[in-house]
1. Contact list please: Cβ distance under 9 Å, first residue in region 179-203 and under 19 Å from ALA238 (Cα atoms) and open to solvent by 10 Å² or more (accessible area, probe 1.4 Å), second residue within 8 Å of the ligand (Cβ to nearest atom) and among the hydroxyl-bearing types (Ser, Thr, Tyr), pairs at least six apart or on different chains.
2. Which members of region 286-313 meet the condition of being in a strand (DSSP E or B) and within 22 Å of PRO83 (Cβ to Cβ)?
3. Would you call THR280 β-branched (Val, Ile, Thr), in contact (Cβ under 8 Å) with a residue 60 or more places away in the chain and surrounded by fewer than 18 Cβ atoms within 10 Å (Cβ to Cβ)?
4. Before we move on, is LYS169 away from the ligand (no atom under 12 Å from the Cβ), open to solvent by 20 Å² or more (accessible area, probe 1.4 Å) and over 20 Å from VAL79 (Cα atoms)?
5. With the checklist (1) within 15 Å of the ligand (Cβ to nearest atom); (2) under 19 Å from VAL279 (Cβ atoms) in hand, flag the one item ASP139 doesn't pass.
6. So which residues in region 66-90 are under 19 Å from ALA314 (Cα atoms) and more than 9 Å from the ligand (Cβ to nearest atom)?
7. So, LYS223, is that one basic (Lys, Arg), modelled with pLDDT of 95 or more and more than 16 Å from the ligand (Cβ to nearest atom) or not?
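The values are calculated or read from the model by the stated rules, or taken from the named source; none is laboratory data. Everything numeric in this text was worked out from a predicted model, so none of it was measured. Note that each Cβ is placed from the backbone with ideal geometry, even for glycine, and that neighbours are counted across all protein chains shown. Note: accessible area is taken over every heavy atom of the protein model, side chains too, but ligands, DNA and RNA are not part of it. Shrake-Rupley method; radii C 1.70, N 1.55, O 1.52, S 1.80 Å.
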Amino acid sequence: MEVPLLDLRAQYKTIKSEVLAAISEVLDSQVCIGGPKVQELEAKIAAASDCRFAVGVSSGTDAILNCLMSLNIGPGDEVITTPFTFFATVGCIARVGATPVLVDIDPKTYNIDPAQIETAVTRRTKAILPVHLFGQMADMDPILGIASRYDLAVIEDAAQSITSTYKGKKAGSIGTAGCFSFFPSKNLGGIGDGGMVVTNDEALYKRLMLMRNHGAEPKYYHKFIGANFRLDPIQAVALLVKLPHLEAWSEARRRNAAYYNERFAGTVVQTPFISPACVTIYNQYCIRVPRRDEVVAHLKANKIGCEIYYPVPAHMQECFSYLGYGEGDFPQSEKAADEIMALPVYPELTDEMKDAVVDCILTFLR
Ligand SMILES: *Cc1c(COP(=O)(O)O)cnc(C)c1O
């Protein structure tokens, strides 16, 4: 049986007529940049995240970039983050001219290990950028404690974790600002690139709004050097159609995960650890297995989708060699990169498909 890692067509089928009607409405209006649909999405994402403000932007990457620029973080500044993340997290810090300072992960959750953050703080540290990886939020209480002791901003990279919670609090609502991605493979995915920043800080909100439009206020009078970080209404209306389904889709992912957990119980397969403080949205369901590369090859040969998130931690990337880190510096991140693999967990999976995934892995490992 063929099982793709993600099947966006299965989801699209269920909302196709609504999406097409909404896009047609945008085209009829010819409001193709910004406008009321973007504002409506911002209000709804702010509400869904328990935040006062939201700013639609062009991608999750640009959400992080806009945050860093709006917080005036640049050359000479340091930002603490994790090496075990998608490239954009660390890439954005470097792009604004600041220095990424890396801290290893907790091997159980794959999120930044708060116990190792404080020793990384220097006089130059301006912010902590925790990533809520795979749908589960980082351990935020100790992170906020350190941030308040040293007067640091906290930027949540919640690209994979929209509406997930930590001690009942929504992703993006705890730090200074939170960043979401609407990349199509995220739980709330657009029909192209898109992203959003949420915050409860009104002054920061105003800067984020100006920064996404070249720092202009009024038009053609530029207060600071921003960029074009705008979100298109075509994306906004597609996301508005999908948003009411988000909770049910995330619940379906949790059910799929529970099914896998049960079937892998008592085997050599290490299933995800979800902290009792967190409700995850399972943007990814990641296991650890012995002989990982052979298991991946075996699944692919049997037309079962899987992927390695992420095979190379940031400190081992060629482009970050100038940071001076080397192999062995972040052993938990390196070990995770060698052992981890993601399985299909998208909402439309059937029990038959999940059984095919599990059987394929277990017969190979036996
Ligand atoms: C997807 C993702 C991003 C970037 O989002 P884009 O919309 O692809 O630019 C940033 N950080 C993490 C952790 C992500 O998963």
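1. Every condition considered, the pairs that remain are SER181/SER59; SER181/THR61; PHE183/SER59; ASP193/SER59; ASP193/THR61; ASP193/SER181.
2. CYS286, ILE287, ARG288, GLU307
3. no
4. So LYS169 fits the description; yes.
5. (1)
6. Hits for region 66-90 are LEU68, ASP77, GLU78, VAL79, ILE80, THR81, THR82, PRO83, PHE84, VAL90.
7. no
So that you can scan it fast, the table gives a plain yes or no per residue for (1) crowded, with 23+ Cβ neighbours inside 10 Å; (2) modelled with pLDDT of 95 or more; (3) under 18 Å from ALA336 (Cβ atoms):
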residue	(1), (2), (3)
GLU40	no, yes, no
ILE45	yes, yes, no
VAL57	yes, yes, no
GLY60	yes, yes, no
GLY76	no, yes, no
PHE87	no, yes, yes
VAL90	yes, yes, yes
PRO100	no, yes, no
VAL131	yes, yes, yes
